[in-house]
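> So that we are looking at the same thing, I have put the structure below in structure tokens.
Any read-out appearing in this document is the output of simple, stated calculations on the displayed coordinates, not a laboratory observation. This structure is a prediction, so every number in the text was calculated from the model and none was measured. Methodologically, a virtual Cβ is constructed for each residue, glycine included, from the backbone with ideal geometry; neighbour enumeration extends over all protein chains shown.
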Amino acid sequence: MASSREFLDFVLDQLRGVGGVSTRKMFGEYAIYVGNKVVAFVCDDRLFLKPTAAGRELIGTPVEEPIFPGSKLYFVADDYLDDPDFLSRLVLATAAEVAEPKPKKRKGR
């Protein structure tokens, strides 16, 4: 089941305190970026954060699930959607620990 645009808009509204947030649609779901770093995914109208030590420290004992069958585990952030201040801190802490994307190689002729 693909995520709805309404749910994505709700998540983005909750993240209004985080600068540089953008999204990209991928296979009916969405990746959430802070700057050029992917920090979260919206899948099946649920919010999943990339697992980081800072995120684990803020959450305590996170619920972890795959975003699709066979994927690695991500932190389920649905319980924090009603607390935009905490969610923003969590996303910023995650972004601080996520590595910069590797530069894409130019295709030769």
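> Report ³J(HN,Hα) in whole Hz for each residue of segment 25-41, in order, from the Karplus equation J = 6.51 cos²θ - 1.76 cosθ + 1.60 where θ = phi - 60°; Gly and Pro get x.
6, 9, 6, x, 10, 9, 9, 10, 10, 10, x, 10, 9, 7, 10, 7, 9
> Non-local amide H neighbours of residue 45 (under 5 Å, H modeled in plane, Pro and chain starts lacking H): which ones?
3, 4
> Using amide H atoms built 1.01 Å from N in the peptide plane, name the residues 5+ places from residue 74, or on other chains, whose amide H lies under 5 Å from its own.
Hits under the 5 Å cutoff: 65, 67.
> When only C-alpha pairs under 8 Å and at least 6 residues apart count, what is the relative contact order of segment 20-109, in percent?
Working: 124 pairs, mean separation 22.7, N = 90.
It rounds to 25 percent for segment 20-109.
> Cα axis of helix 5-14 to longest principal axis of the chain: angle in degrees, 0 to 90, nearest 10?
Value to nearest ten degrees: 70.
> Quickly work out the residue 96-to-residue 24 label distance, labels modelled 7 Å from Cα along the C-beta direction, and quote it in nm with one decimal.
About 2.5 nm separates the two model spin labels.
> Would you calculate a helix-derived [θ] at 222 nm for the chain, using -39,500 (n - 2.57) for each DSSP H run of n ≥ 4 and dividing by the full residue count, to the nearest 500? Mind dumping the intermediate values first?
Details: 3 runs with 31 residues, N = 109.
Only helices count here, giving -8500 deg cm²/dmol.
> Same structure again: What nm distance separates the two modelled labels at residue 58 and residue 10, each placed 7 Å from Cα along Cα→Cβ?
In this crude spin-label approximation the distance works out to 2.0 nm.
> Name the trypsin sites (Lys or Arg not before Pro) in segment 1-95 that are in a loop by DSSP and that have at most 12 other C-beta atoms within 10 Å, would you?
Working: sites: 5, 16, 24, 25, 37, 46, 56, 72, 89; in loops: 16, 72.
Here the sparse-neighbourhood loop sites are 16, 72.
> Can you tell me what the convex hull of the Cα atoms of the chain projects to on average, as an area in nm²?
Over all viewing directions, the chain projects a mean Cα-hull area of 7.9 nm².
> So which chymotrypsin sites (Phe, Trp or Tyr not before Pro) in segment 1-104 pass both tests, a DSSP loop state and at most 14 other Cβ atoms within 10 Å of the Cβ?
On the way: sites: 7, 10, 27, 30, 33, 41, 48, 74, 75, 80, 86; in loops: 27.
Taking segment 1-104 and a limit of 14 other Cβ atoms within 10 Å, the loop chymotrypsin sites (Phe, Trp or Tyr not before Pro) found are 27.
> Same structure again: At 0.36 nm per residue, minus the direct Cα-Cα distance, what do residue 71 and residue 106 gain on full extension? Give it in nm, one decimal, please.
Working: separation 35, 0.36 × 35 = 12.60 nm, distance 2.83 nm.
Here the answer is 9.8 nm.
> Further question: Comparing 70, 17, 60, which has the greatest mean-square fluctuation in the GNM of the chain with Cα pairs linked when under 10 Å apart?
70
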